[in-house]
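All remarks here apply to the structure that follows.
The values are calculated or read from the model by the stated rules, or taken from the named source; none is laboratory data. These numbers come from a predicted model, not from an experiment. A quick note on method: Cβ atoms are made from the backbone with ideal geometry, for glycine too, and the neighbour counts reach across all protein chains shown.
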């Protein structure tokens, strides 16, 4: 055997070994990811399965499929348990707060990345970072006093305004990181076409920033949807309660009706799952683009 052939065979063997090792590592990673998916989704699947069972069937056969689908659990939770009221309150508060947060954060990000402001950008970013470092729980008491003095207690504004305030810093960081990468030539072309500063922002910058806007909308919506402490302290009227606080009253009322409890949990989880399912590509695009371009 010639020396060149021996070298070629050795290289081929090494490549085969490397490929086998890479394949083995990939298979192990995929197996671990599947285990993680099963562990994560199993509680949700179990609750979904239980929501179609009667109490007796849940107790006697908690792990099996429902023998007779009980749709009345959802109807009972929606109407009798007043989940419909809590659901639409949460939807209203979370959506309004998220949309307003995005509008303010987009305008702030545009000013930071495209305009000359009096304060240096480093100072503004330092203040935003400081706001991120302050634990929200430490501000609950002064917020309560402020809301009481402004006569906002037992109004949805008592939640919307704090949600906007707490959501602004992170939203500005993500959106401004995305806006930095937008070519200035795009704005120059808009100026040539006669667009004002507002026109540049509304007609050029915002449409390009849609992936980042969708990402921050989901992040803010999820945070607002799941928030409990402020909703519990600032709202005492039952007709104004959001879903997290309303679930407490529901559980006290239906503490032995496990099927209706499971149905109410599905009502609280369903919007998040649906929104993420339809917008997951935009979310991933916004996060990856912001991380690379920022």
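General observations
- Flag for residue 56 being loosely packed, with under 15 Cβ neighbours inside 10 Å, over 25 Å from the mean Cα position of the chain (by Cα), in the same structural domain as residue 215 (by TED's automatic domain parsing) and in a helix (DSSP H, G or I): no
- Candidates 195, 279, 200 - the one that is surrounded by fewer than 22 Cβ atoms within 10 Å (Cβ to Cβ), modelled with pLDDT under 85 and not in a helix (DSSP H, G or I): 195
- Candidate set from region 59-86 (those that are within 17 Å of residue 269 (Cα to Cα) and part of a loop (DSSP other than H, G, I, E, B)); member that is modelled with the highest pLDDT: 82
- From the options 91, 150, 130, residue that is under 20 Å from the mean Cα position of the chain (by Cα) and more than 15 Å from residue 233 (Cα to Cα): 91
- Residue 186 being assigned to a helix (DSSP H, G or I), at pLDDT 85 or above and in the same structural domain as residue 102 (by TED's automatic domain parsing): no
- Any hit, region 234-243, residues being surrounded by 14 or more Cβ atoms within 10 Å (Cβ to Cβ), more than 30 Å from residue 53 (Cβ to Cβ) and under 21 Å from the mean Cα position of the chain (by Cα): no
- Within region 203-254, the set of residues being assigned to a loop (DSSP other than H, G, I, E, B) and touching a helix residue (DSSP H, G or I) at 6+ places or on another chain (Cβ under 6 Å) comprises 209, 228, 241, 242, 254.
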